[in-house]
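Structure first, then comments.
Values quoted throughout were computed directly from the atomic coordinates according to the rules given, and no laboratory measurement underlies them. Owing to the predicted nature of the structure, the values given are computational and were not obtained by experimental measurement. FYI the Cβ positions are ideal-geometry reconstructions off the backbone, even for glycines, and counts take in every protein chain you see.
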Amino acid sequence: MPDFRNPFDVLKNDRLLTHDELVRAIRFMIAAEYEATQLYEQLTFYGANRPGSSVSQGLRDSFWLQAMQSGFIGVLECIKAFSETDFTADLKKFDIPTLILHGDDDQIVPISNSALLSAKLVQSATLKIYSGASHGLCSTHKKQVNTDLLAFIRE
């Protein structure tokens, strides 16, 4: 992995990082400057870094405040869990109708690496893709998410 002098140099890297390099970079950024990392994270979490974004400052501030209340060890363990756990075997065991919701502009967990694969593994999956939605779609598209959840439950 490149030797980043500034934790945010990872975001300016001129090549795609491998999964392991990216995870190490995220851990490095958080350890080096957690508060600033979360300011950047809330932009991508809600897609606020996209042209024409209408994400409110209040929602972004709420994300940062919640992040600042998180325990540092817990945050690092969360990164470890989401980057090292393979849920394939578990997903194949699902035997009930399952609704999978995902935004097609998720910068945190790309749809191709998660929801599209999960929908193939879960026997009775219904995949609902939200056009232009970010990782934080339950906040940015809450009305549509609630409508879709109620419709799924009624089926």
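What to note about this one:
- The stretch 57-71 - phi-based ³J(HN,Hα) in whole Hz, Karplus 6.51/-1.76/1.60, Gly and Pro as x: 5, x, 5, 5, 5, 4, 4, 4, 4, 4, 4, 5, 8, 7, x
- Relative contact order of the stretch 88-154, pairs being alpha-carbon contacts under 8 Å that are 6 or more residues apart, as %: 37 percent
- Take every pair of alpha-carbon atoms less than 8 Å apart whose residues are at least six positions apart; their mean separation over the length of the chain yields a relative contact order of 21 percent.
- Arranged from fewest to most other beta-carbon atoms within 10 Å of their beta carbon, 139, 124 become 124, 139.
- Adding -39500 (n - 2.57) for every DSSP H run of four residues or longer, then dividing by how many residues the chain holds, sets the calculated 222 nm ellipticity at -16500 deg cm²/dmol.
- Taking trypsin sites (Lys or Arg not before Pro) as exposed when their DSSP state is a loop state and no more than 12 other Cβ atoms lie within 10 Å, the longest site-free interval of the chain runs over 16-155.
- Straight-distance crosslink candidates among lysines, where the alpha carbon sits under 22 Å from residue 143 and sequence neighbours closer than 8 are dropped: 128
- Packing-based exposure ordering (other Cβ within 10 Å, fewest first) of 104, 95: 95, 104
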